[in-house]
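The values are calculated or read from the model by the stated rules, or taken from the named source; none is laboratory data. Bear in mind the structure is a predicted one, so any value in this text is a computation, not a measurement. So basically every Cβ, Gly included, is an ideal-geometry build from the backbone, and we count neighbours across all protein chains shown. When the accessible area is computed, the model is the full protein with side chains, heavy atoms only, and any ligands, DNA or RNA have been set aside. Shrake-Rupley method; radii C 1.70, N 1.55, O 1.52, S 1.80 Å.
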Amino acid sequence: MDVFAFFNLNELAFGLSKLPMFPYFDMAHYIISVMSLREQPGALCVSQRSPLACWFSSMLYCFGGAVLSALMLADAPVAPLSNTTNLLLATLMWYLVFYCPLDVVYSLASLLPLRLVLTAMKEVTRTWKVLSGVSQAGSKYSDALFVMVAVGWAKGAGGGLISNFEQLVRGVWKPETNELLKMSYPTKVTLLGAVVFSLQQCRYLPIQTHHLTFIYTLFTVTNKTRMMLLGSSSHPLSSLESFLYKTLFVRPLTDLSAEHTHSKHNGSVPEPTTAQTHTKEAEASKKTN
Amino acid sequence: MDVFAFFNLNELAFGLSKLPMFPYFDMAHYIISVMSLREQPGALCVSQRSPLACWFSSMLYCFGGAVLSALMLADAPVAPLSNTTNLLLATLMWYLVFYCPLDVVYSLASLLPLRLVLTAMKEVTRTWKVLSGVSQAGSKYSDALFVMVAVGWAKGAGGGLISNFEQLVRGVWKPETNELLKMSYPTKVTLLGAVVFSLQQCRYLPIQTHHLTFIYTLFTVTNKTRMMLLGSSSHPLSSLESFLYKTLFVRPLTDLSAEHTHSKHNGSVPEPTTAQTHTKEAEASKKTN
Amino acid sequence: MDVFAFFNLNELAFGLSKLPMFPYFDMAHYIISVMSLREQPGALCVSQRSPLACWFSSMLYCFGGAVLSALMLADAPVAPLSNTTNLLLATLMWYLVFYCPLDVVYSLASLLPLRLVLTAMKEVTRTWKVLSGVSQAGSKYSDALFVMVAVGWAKGAGGGLISNFEQLVRGVWKPETNELLKMSYPTKVTLLGAVVFSLQQCRYLPIQTHHLTFIYTLFTVTNKTRMMLLGSSSHPLSSLESFLYKTLFVRPLTDLSAEHTHSKHNGSVPEPTTAQTHTKEAEASKKTN
């Protein structure tokens, strides 16, 4: 790529692509993951009631992507446990964040500058995970673009995608929402990454792997840092998203009558079980459509 | 089989067994599956809120059997995504049924004659799926009758059997019911198919594969067509079912008093919450035990 | 081990380790498992409404460990179905316990002396299952201690660990509790067994397999028998557990204020609904963080 040569970024990109994740970046990933678990409502209470459930939940936050992608490719989901060093590191982070005397570790890591650095480092690990998921899928199903996207996405955003079941470990069950119904920013940006890396691996994107790694890492890190500093949840993908949504998925005007009939149907047929939400949705759709 | 020779059906049966499912029968299966998703309460609303969740739900309707049987045999559940052509076809059907301008596709396919043809074609694919599930299991576990029945059933009726989890994708959770507690007609007829095909593959049924394929397909297609035309939910298996149930599973006379308490409780309250039912049954069981 | 030689227990221990589980011990395991299912609230009702769901639930009680450990090691979870003899034996026990004329089998097996013997025999099968799980994991991931513990535990206590999903088969959903949040005695003793057998297999415990088998079996059988005879739920592990808990997981003094708020909330309302707890904890965590 000429731009890379022009700015003398070739070596930087190549160096980045050779960066080892273990131990510092992995550690940052574990700390930030366990901290986001600790900030879930009820998590502190669970850490007192059942350290084992709390530990298992933390491991799903740390290794959720590896577990989910293993399940999808029919590899052993227990494999992350076989990497003893990483498991012990994650367990140490879990212990320090939840049970450290005087709560030193959590208090320190919560300070904005340190949290910013750790979060940025965690974002770097995302690139590596997406890329490894895509390659793993590609080595099993060569040129199966959709498998590569799915596995890359699962490996990079696994903790989020299995959040319903992770919550279940802590005794929390929120069936009315999940990451597919309402995607969070990390899930979206990981999907984007899985798509571009898969396209690149299938040679639809004429760019070298280490260049793409560099661009994507730069994008996720700056974006996340900006969002944390400004405290805003808007991101550069929103406009693309809303454009795609409006073009493809808004139901046409002529459907009004049909929709109306439907919502009437749904209103009239008594559905006692799930719910009030449905009735509400039916009503809402009556109004909007 | 002499009957086949007598009616000159041998060639017809053989021809049927060589019928390719792709693309027309597969397409019919996808359309009817996505249409039945669209007719679920709340599904249209989900299609507007999150096209991705709607798409994933549709894929579970279309490929649920393949996913479930892959999970059961420790094959990669992501494999259906690797068949790009079928996936794109299913995605196209999903898009047309949910978002087609003027809602042309859904309106057309809902017309009784067309829907009848499509449903009949979908029933044909069921035979193929059951048979492929049974053979797949048989090649891994030869002569393991129960594995063959289970996998054949899962492959043919997967969408129904995993419905609890498919609903969860759409934010709906109905734990109080599932296809094992209250089997629907397609699940029952698929179980019957899985049993007869497994018996045939284990050589307990002295009949050739293409003859059995012919008979079973004829049975499912005529039966489904009759049910749709008459709008009735009765089917020829009901009497066999009720006979088996009465012979094997009705609890003996000595339990009548306890049972009576049960049925009174359940009769008086039409749909009590699960918790209430539990307390009542706990009381009843205290008495009996 | 000298103690074994001293008491002439070597041959006894060796003989025990060669004891075949099939058919008597397996049968005891199936009967006791199905009986404990029958004693769940609502189970009798399910056995009348849907024998198939009841049967599937029973098989999860009987083979849950095998299914869970297969899933964890990416083996086919359908494999227990391929052992036709054991499956038929379990099915027979299920039928006799639930539908036997005059309820003879359940009434007989509920008599304390018989139940005591059967339960003791079931405890013996636990040792075999834990050991087989540990070896299975060890043959796939040699020296991966954590994998061995996890798989051994899953194989020995599988029915309990998947109880949320087993209940779902019967239409019961209790997300607010699971075996990780609140471990039962069998789950705890199986975890202990998985840990000691894994340590022994990794050669951290200098003891021979058949000696450990003997000690662990003796421990579980006497312990369970004592608990059944005294009707007490206290066990020799409680003190170890509470010591470990107090040393490792009690939050330090500086958190007292936040904790105090927590405990007050939790103390005043004995068992608040999950949603309420969440709101309270969300408020509390807002204050502390």
Enumerate the helices in chain C for which the Kyte-Doolittle hydropathy averages 1.6 or more and the C-alpha atoms extend at least 18 Å along the helix's axis, using complete DSSP H runs.
-> none
For label points placed 7 Å from Cα toward Cβ, what is the shortest-first list of nm distances from B:Phe22 to its copies?
-> 4.1, 4.1
About its Cα centre, what dipole magnitude does the protein assembly as shown give when the only charges are +1 on Lys and Arg Cβ and -1 on Asp and Glu Cβ, stated in debye to the nearest 20?
-> 560
Semi-axis lengths (Å, descending) of the ellipsoid that matches the C-alpha gyration tensor of the stretch B:99-144 = 37, 12, 4
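With the full set of protein chains in place, find how many percent of the accessible area of chain B is carbon and sulfur; take the probe as 1.4 Å.
After summing per-atom areas, the C and S share lands at 68 percent.
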Rounded to the nearest Å, the spacing of the alpha-carbon centers of the stretch B:1-74 and the stretch A:95-133 is 46
What does the protein assembly as shown give for Rg and for Dmax, in Å, if only its C-alpha atoms count?
-> 28.9, 91
Hey, for B:Phe243 with labels 7 Å out along Cα-Cβ, what do the inter-copy distances come to in nm, ordered shortest first?
-> 6.7, 6.7
In cubic angstrom, how much convex hull volume per residue do the alpha carbon atoms of the stretch A:20-100 span?
-> 92
List the residues of the stretch A:157-198 whose accessible area drops by at least 50 Å² when all protein chains are present, compared with their chain alone, using a 1.4 Å probe and counting only protein heavy atoms.
-> A:Phe165, A:Leu168, A:Gly171, A:Trp173, A:Pro175, A:Leu180, A:Leu181
Taking a crude spin-label model, label points 7 Å out from Cα along the C-beta direction, the A:Leu229 to C:Leu248 distance in nm is 4.2
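How big, in percent, is the set of alpha carbon pairs in the stretch C:19-245 lying more than 26 Å apart? Working shown, then result.
On the way: 9484 of 25651 pairs.
That tail contains 37 percent of the Cα-Cα pairs.
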Excluding B:Gly231 itself, calculate the net charge of residues whose Cβ lies under 15 Å from the Cβ of B:Gly231, where each Lys or Arg counts +1 and each Asp or Glu counts -1.
-> +3
Mind listing which trypsin sites (Lys or Arg not before Pro) in the stretch C:125-205 are in a DSSP loop and have 11 or fewer other Cβ atoms within 10 Å?
-> C:Arg203
Env charge @ A:Val221, Cβ radius under 10 Å, K,R +1 / D,E -1, value +3
Mind checking which of C:Leu60, C:Leu244, C:Leu81 has the largest fluctuation in a GNM of chain C, springs on alpha carbons under 10 Å?
-> C:Leu244
Between the label point of C:Tyr185 and that of the same position in each other copy, find the distances and list them shortest first in nm, with every label point placed 7 Å from Cα along the Cα-to-C-beta direction.
-> 5.2, 5.2
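Mind listing which trypsin sites (Lys or Arg not before Pro) in the stretch A:1-99 are in a DSSP loop and have 15 or fewer other Cβ atoms within 10 Å? Before the final figure, lay out each step's value.
Numbers: sites: A:Lys18, A:Arg38, A:Arg49; in loops: A:Lys18.
Answer in residue order: A:Lys18.
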Under 15 Å, Cβ to Cβ, from A:Met21 - net charge with Lys/Arg +1 and Asp/Glu -1 = +3
Note the buried accessible area between A and B here, summed over both chains, with a 1.4 Å probe, in Å² to the nearest 100.
-> 3400
Under a Gaussian network model of chain A whose springs join Cα atoms within less than 10 Å, the largest fluctuation of A:Val149, A:Val46, A:Val189 belongs to A:Val46
Along the Cα-to-Cβ line of A:Gln208, 7 Å from the Cα, sits a label point; which residues in the stretch A:1-33 have backbone N less than 14 Å from it?
-> A:1-18
Please report which chain B residue places its beta carbon nearest the axis carrying chain B onto chain C, with the distance rounded to a whole angstrom.
-> B:Ala74, 3
10 Å-binned pair-distance histogram of the stretch C:110-225 (Cα, whole percent) = 14, 40, 32, 13, 2
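Would you mind working out the magnitude of the charge dipole of the stretch C:29-188 relative to its Cα centre, with +1 at each Lys and Arg C-beta and -1 at each Asp and Glu C-beta, to the nearest 20 Debye?
Working: 12 positive and 8 negative charges, 23 e Å.
Dipole about the Cα centre, nearest 20: 100 debye.
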Choose one of C:Gln167, C:Trp153, C:Pro80: the residue whose Cα lies farthest towards the positive end of the charge dipole of chain C (beta-carbon charges +1 Lys, Arg; -1 Asp, Glu; about the Cα centre).
-> C:Gln167
The stretch C:1-53 - convex hull of the alpha-carbon atoms, volume per residue in Å³ = 120
Among C:Thr177, C:Thr187, C:Thr213: highest mean-square fluctuation, GNM of chain C, C-alpha pairs under 10 Å = C:Thr177
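For the protein assembly as shown, what does the accessible surface come to per residue with a 1.4 Å probe? Please give it in Å². Write down the numbers at each step before the final one.
Working: 40400 Å² over 867 residues.
Accessible area per residue: 47 Å².
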Running Debye on the stretch B:163-224 with equal point scatterers at the Cα sites and no solvent, what base-10 log of I(q)/I(0) appears at q = 0.13 Å⁻¹?
-> -0.51
Net dipole in debye of chain C [+1 Lys, Arg Cβ; -1 Asp, Glu Cβ; about Cα centre; nearest 20] = 180
